[in-house]
Amino acid sequence: MSTANPPARQWLRNRWWRVFVVLCLVFAMLWLFKAPLLRGAMSYLVSEDTTGNVDALYVLGGGALDRGKEAARLATSTIDAPLYTTGSNIDGTLEEWGITITEADVTRGICVKHGVPPERITALHLGTSTMEEADAILVHARMMGYDTIGVLSSRYHLRRIDDVFTDRFAEQGILVKRFGAYNPNFEEATWWQGEYGLIAIQNEYIKLFYYRWKY
């Protein structure tokens with residue numbers, strides 16, 4: 001025999017019914033406003049500067065084609081400063097074919113192909129992650145005496161760039177400006193509608209939370 005009296009059972013049923021109704025309303029609102037919410041999730045990641053007055057522009061490894069082309073566009077239009085590419089990772093598939101070219105060299109080659117004079121851009125074979133690249137760039141920028149630098153990466157990577165670079169570099173008297181390259185594999189306004197965009201943004205949020213937790 002149940003030990004709960006009828007009023008208690010009725011209270012429990014009413015409570016869980018109210019919870020169910022509230023959850024249904026919440027999910028309905030999320031579904032109704034999913035597009036602006038998801039666009040907002042992308043907008044949060046894109047923390048970009050728009051001015052190009054820097055002593056040097058550092059192009060991070062990864063996404064060499066997009067980042068290299070954007071770096072070349074900036075270098076031939078608005079930024080009159082030396083360029084540096086970073087990244088010591090080597091594509092494992094290419095390595096199997098005996099091609100041991102680093103991310104830094106790939107990005108530099110794309111910049112040159114798109115109009116940057118070879119003597120203006122230097123490959124720094126340093127860094128296998130954003131944090132390692134930040135460490136290497138900080139040492140290099142201090143050695144070169146730069147007080148304002150640009151860091152170029154994919155647009156949806158810029159919030160993490162802000163987290164990793166800005167305060168640490170400011171402590172050393174270096175201002176960091178962030179520049180972003182568009183990824184042609186998905187539309188930012190509808191990133192959740194395709195597999196590439198869905199995976200890219202999901203992974204970036206995982207990395208963002210991981211970096212904030214670890215560093």
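The values are calculated or read from the model by the stated rules, or taken from the named source; none is laboratory data. The structure presented is a predicted model; accordingly, all values stated were derived computationally and were not measured. Here Cβ is always computed from backbone atoms with ideal geometry, including for glycine, and neighbour counts include all displayed protein chains. Side chains are part of the model used for accessible areas, which takes the heavy atoms of the whole protein and leaves out ligands, DNA and RNA. Shrake-Rupley method; radii C 1.70, N 1.55, O 1.52, S 1.80 Å.
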When ASP80 is run through (1) surrounded by fewer than 19 Cβ atoms within 10 Å (Cβ to Cβ); (2) outside any loop (DSSP other than H, G, I, E, B), the failure sits at (2)
When you go through (1) surrounded by 12 or more Cβ atoms within 10 Å (Cβ to Cβ); (2) at pLDDT 90 or above one by one for PRO118, which number turns out not to apply?
(1)
Starting from residues that are part of a helix (DSSP H, G or I) and in contact with a Ser or Thr (Cβ under 8 Å, 6 or more places away or on another chain), keep the ones in the range 36-77 and report whichever is surrounded by the fewest Cβ atoms within 10 Å (Cβ to Cβ).
ASP66
Does SER153 qualify as being open to solvent by 10 Å² or more (accessible area, probe 1.4 Å) and among the polar types (S, T, N, Q)?
no
Please determine whether any residue of the range 162-171 is over 15 Å from the mean Cα position of the chain (by Cα), surrounded by fewer than 22 Cβ atoms within 10 Å (Cβ to Cβ) and of a type in the set (Val, Ile, Thr).
no
Have a look at ILE137, ILE149 and point out the one that is outside any helix (DSSP H, G or I) and either more than 23 Å from THR102 (Cα to Cα) or in contact (Cβ under 8 Å) with a residue 60 or more places away in the chain (or both).
ILE149
Can you tell me which of GLY63, GLY98, GLY92, GLY87 is out of contact with any helix residue (DSSP H, G or I) (no Cβ under 6 Å at 6 or more places or on another chain) and closer than 15 Å to GLU133 by Cα?
GLY63
Per the filter on the range 189-215, residues of a type in the set (Asp, Glu) and open to solvent by 40 Å² or more (accessible area, probe 1.4 Å) are GLU195
Residue pairs meeting the criteria (Cβ under 9 Å; at least 6 apart or on separate chains; first closer than 12 Å to TYR156 by Cα, in the range 179-200; second among the polar types (S, T, N, Q) and part of a helix (DSSP H, G or I))
PHE186/GLN193; GLU187/GLN193; GLU188/SER43; GLY197/THR190
